[in-house]
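The values are calculated or read from the model by the stated rules, or taken from the named source; none is laboratory data. Bear in mind the structure is a predicted one, so any value in this text is a computation, not a measurement. Ideal geometry is used to build each Cβ from the backbone, glycine not excepted, and the neighbour counts take in all protein chains shown.
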């Protein structure tokens, strides 16, 4: 019972950290996923948990996730011209629009790394934490993760709503993949890679 209480006692600290990342003016080139990953790693360490617990599943789940991400960007691509601000907004810069293959590859590597960090923080930490605090429920943790994603996403309400919808899809994928974050990580990375390609072709 004391262990359960200790785990629950960390919840206010974890919620405060998510809100802090949303409120504090981070440098434009620092994606929110990076500080969140630091906090998530500390939280999991304090609870005696490792990242290995949520990174199982193998290539099959990663492939399914990548396919889902590719479908998502294919659906979103026609609306991309109206896409103004989101968690990806910081990389929309001349370095991407210039068309240099080396620069585009570098930006893509940085973007994938930042999105992996965000996914570990969202599904690998926040959703997993909600599943622990509300055992037996899957819908609530999915929406908790989606809400957290909307909170830390910069930009107008439309961008935050889009991030929340994206979070719901990734959360559902996470739960369907037996709580392995490999599937949502692959989906997120495929989506980002597609978004970079759309941005390059659009310019």
Please state which of the following conditions residue 164 fails to meet, knowing it meets all the rest: (1) surrounded by 18 or more Cβ atoms within 10 Å (Cβ to Cβ); (2) over 21 Å from residue 76 (Cβ atoms); (3) free of Cβ contacts under 8 Å to residues at least 60 places away in the same chain.
(2)
Of the residues 52, 48, which is part of a helix (DSSP H, G or I), out of contact with any strand residue (DSSP E or B) (no Cβ under 9 Å at 6 or more places or on another chain), farther than 26 Å from residue 107 by Cβ and free of Cβ contacts under 8 Å to residues at least 60 places away in the same chain?
52
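Do you know which residues across segment 147-158 are part of a helix (DSSP H, G or I) and either touching a helix residue (DSSP H, G or I) at 6+ places or on another chain (Cβ under 8 Å) or within 19 Å of residue 65 (Cα to Cα) (or both)?
147, 148, 149, 150, 151, 152
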Residue in segment 145-160 that is within 17 Å of residue 43 (Cα to Cα), under 14 Å from the mean Cα position of the chain (by Cα) and modelled with pLDDT of 85 or more present:
yes
Kindly indicate whether residue 175 is touching a helix residue (DSSP H, G or I) at 6+ places or on another chain (Cβ under 9 Å), part of a helix (DSSP H, G or I) and farther than 14 Å from residue 124 by Cβ.
no
Working only within segment 37-54, note down all residues that are closer than 23 Å to residue 176 by Cβ and touching a helix residue (DSSP H, G or I) at 6+ places or on another chain (Cβ under 6 Å).
40, 54
I need a count of the residues in segment 178-203 that are at pLDDT below 90, under 21 Å from residue 53 (Cα atoms) and assigned to a helix (DSSP H, G or I).
0
